[in-house]
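Notes follow once the structure below has been shown.
The values are calculated or read from the model by the stated rules, or taken from the named source; none is laboratory data. Keep in mind it's a predicted model, so treat the numbers as computed, not measured. Methodologically, a virtual Cβ is constructed for each residue, glycine included, from the backbone with ideal geometry; neighbour enumeration extends over all protein chains shown. These accessible areas exclude ligands, DNA and RNA; they are computed on the full protein's heavy atoms, side chains included. Shrake-Rupley method; radii C 1.70, N 1.55, O 1.52, S 1.80 Å.
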Amino acid sequence: MADAGGPAPDGVAGVREDPVAGVERADGTTVVSLAGELDLYNAQVVRETLLQCCNETPERLIVDLSDVRFIDSTALGVLIEARSRLANRRAFMLAAPGLETRRALEISGLDRHFSVHDSVSEALLATI
């Protein structure tokens, strides 16, 4: 039976949500909220956003992963590249990764190289 109207839900019939859900800047901190599936098909959008934020040289850049359902090696590479663009690499923080995202970070060994926090609030309080 064909869908009679309205947009298809995320992930159905090729409809994909924007991987960058938002960018907030306040008091020297930038929080980039990512969402959905981060992979080869949308890594360039994520890359452009993160590199633009890095070029603004924030004191702290937090990537909120709470709404990310899947992340592949291409998107992990984008996080590595963005982190390398900050003079103080400890200022690049990952926050609130879900189970699948945390697993990808652990399997790749990147959890030992990134500052990973359970929440954005925790990342905001972390020492740089």
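Filtering region 87-110 for residues that are among the small types (Gly, Ala, Ser) and at pLDDT below 95 leaves a non-empty set. A single member of Ser84, Ser66 is of a type outside the set (D, E, K, R) and more than 16 Å from Val32 (Cα to Cα), and it is Ser84. Whether any residue in region 95-113 is closer than 17 Å to Glu59 by Cβ, more than 15 Å from the chain's Cα centre (by Cα) and assigned to a helix (DSSP H, G or I) is what I want to check. No: region 95-113 contains no residue that is closer than 17 Å to Glu59 by Cβ, more than 15 Å from the chain's Cα centre (by Cα) and assigned to a helix (DSSP H, G or I). How many residues does region 103-118 contain that are under 17 Å from Phe70 (Cα atoms) and in contact (Cβ under 8 Å) with a residue 24 or more places away in the chain? The qualifying residues number 4.
Of the strands (runs of 3 or more DSSP E) contained entirely in region 13-81, those carrying at least 2 residues that are open to solvent by 30 Å² or more (accessible area, probe 1.4 Å) and at pLDDT 95 or above fall at 20-26, 60-71. Filter region 82-99 for residues that are more than 11 Å from Phe114 (Cβ to Cβ) and surrounded by 13 or more Cβ atoms within 10 Å (Cβ to Cβ) and give the result. Matches in region 82-99: Arg85, Leu86, Ala91, Ala96, Gly98.
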